[in-house]
Amino acid sequence: MSDTILVGTDGSAGAERAVVWAARTAAIHGDVLRIVSAANIAGLYYGGGLAVGESMLDDLRKASEGFVRQAEGTALSVRPGLRVEGRTWAEAPVPLLIEQSRNARMLVMGSAGRGQFLSTVLGSTISAVVGHAHCPVAVVRGRGVAEEVPVDGPVVVGIDGSPISERALAIAFEEASLRNAPLVALHAWSDVVYESTRGTARLLPQWESLRDDEERLLAERLAGWQEKYPGVEIRRDLRLDRPRHALLELSGRARLVV
């Protein structure tokens, strides 16, 4: 596994929050923090030539270089002595981040960017990267200042019994152990809407009658992890709810949701 935490920046408040979180995470793992910024010069070409002048290209390069320097300063203010490297690329952000993710332990992105490098919401840029990245992707949410990036609360992980859920569980235990945080293992087994005219919920047995099976599934998935991470406090959360609703509720008091 790589010893690099990768973070993208465009100079926005969302990017700054991502840099703060990435710097803390790199320090926890003992990793290098790699900061990248995309000038996206390729998007300025039209037909066979440039649609803008060289002066604008220089401005874009300088702006990206400034974003990286600013992010480096932020990272070092958060974790003095952290190994930090920064670079500006003349590429579009999505392919840049996907390619750079090949050699990273984790890619960190902010959820409220300027609309060029990062997305103003969890939209096209982040969705594209999350769907194709070669490493885990952390999306740092929130609208406050960077200093308000949460450092308390549990690590929350959603468990559904699938192979990818097992991978998420492994990452969650590692992060909880490194952060000295309790781990909330959530298993919500209802993902239907009773009010839907086409829903099948009315045709199924009472959900409470399935509770024993769901408790067994959760116990099986957690088996062995306590021995591997004896210092992690495990809190089981089994509920009759739609998974996305339960995860969103828990995210309000968590430092990380996997």
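The values are calculated or read from the model by the stated rules, or taken from the named source; none is laboratory data. Since the structure is predicted, the reported quantities are computational estimates derived from the model, not experimental observations. In this analysis, Cβ positions are derived from the backbone assuming ideal geometry, glycine residues included, and neighbour counts consider all displayed protein chains. These accessible areas exclude ligands, DNA and RNA; they are computed on the full protein's heavy atoms, side chains included. Shrake-Rupley method; radii C 1.70, N 1.55, O 1.52, S 1.80 Å.
Any idea how many residues of segment 68-87 are open to solvent by 70 Å² or more (accessible area, probe 1.4 Å) and not in a loop (DSSP other than H, G, I, E, B)? Steps first, answer last, please.
Filtering segment 68-87 for residues open to solvent by 70 Å² or more (accessible area, probe 1.4 Å) gives 69-70, 76-77, 79-81, 83, 85, 87.
This time we only want the ones that are not in a loop (DSSP other than H, G, I, E, B), so: 69-70, 76-77, 85, 87.
Adding up the residues that qualify gives 6.
Criterion first (at pLDDT 80 or above and β-branched (Val, Ile, Thr)) does Val149 satisfy it?
On the way: at pLDDT 80 or above: no; β-branched (Val, Ile, Thr): yes.
Spelling it out, it is not the case that Val149 is at pLDDT 80 or above and β-branched (Val, Ile, Thr).
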Check: Yes or no: Gly43 out of contact with any Phe, Trp or Tyr (no Cβ under 7 Å at 6 or more places or on another chain), part of a helix (DSSP H, G or I), loosely packed, with under 15 Cβ neighbours inside 10 Å and modelled with pLDDT under 95?
Finding: yes
Item checked: Among (1) open to solvent by 70 Å² or more (accessible area, probe 1.4 Å); (2) modelled with pLDDT under 85; (3) of a type outside the set (Ser, Thr, Tyr); (4) touching a helix residue (DSSP H, G or I) at 6+ places or on another chain (Cβ under 9 Å), the one test that Val193 misses -> (1)
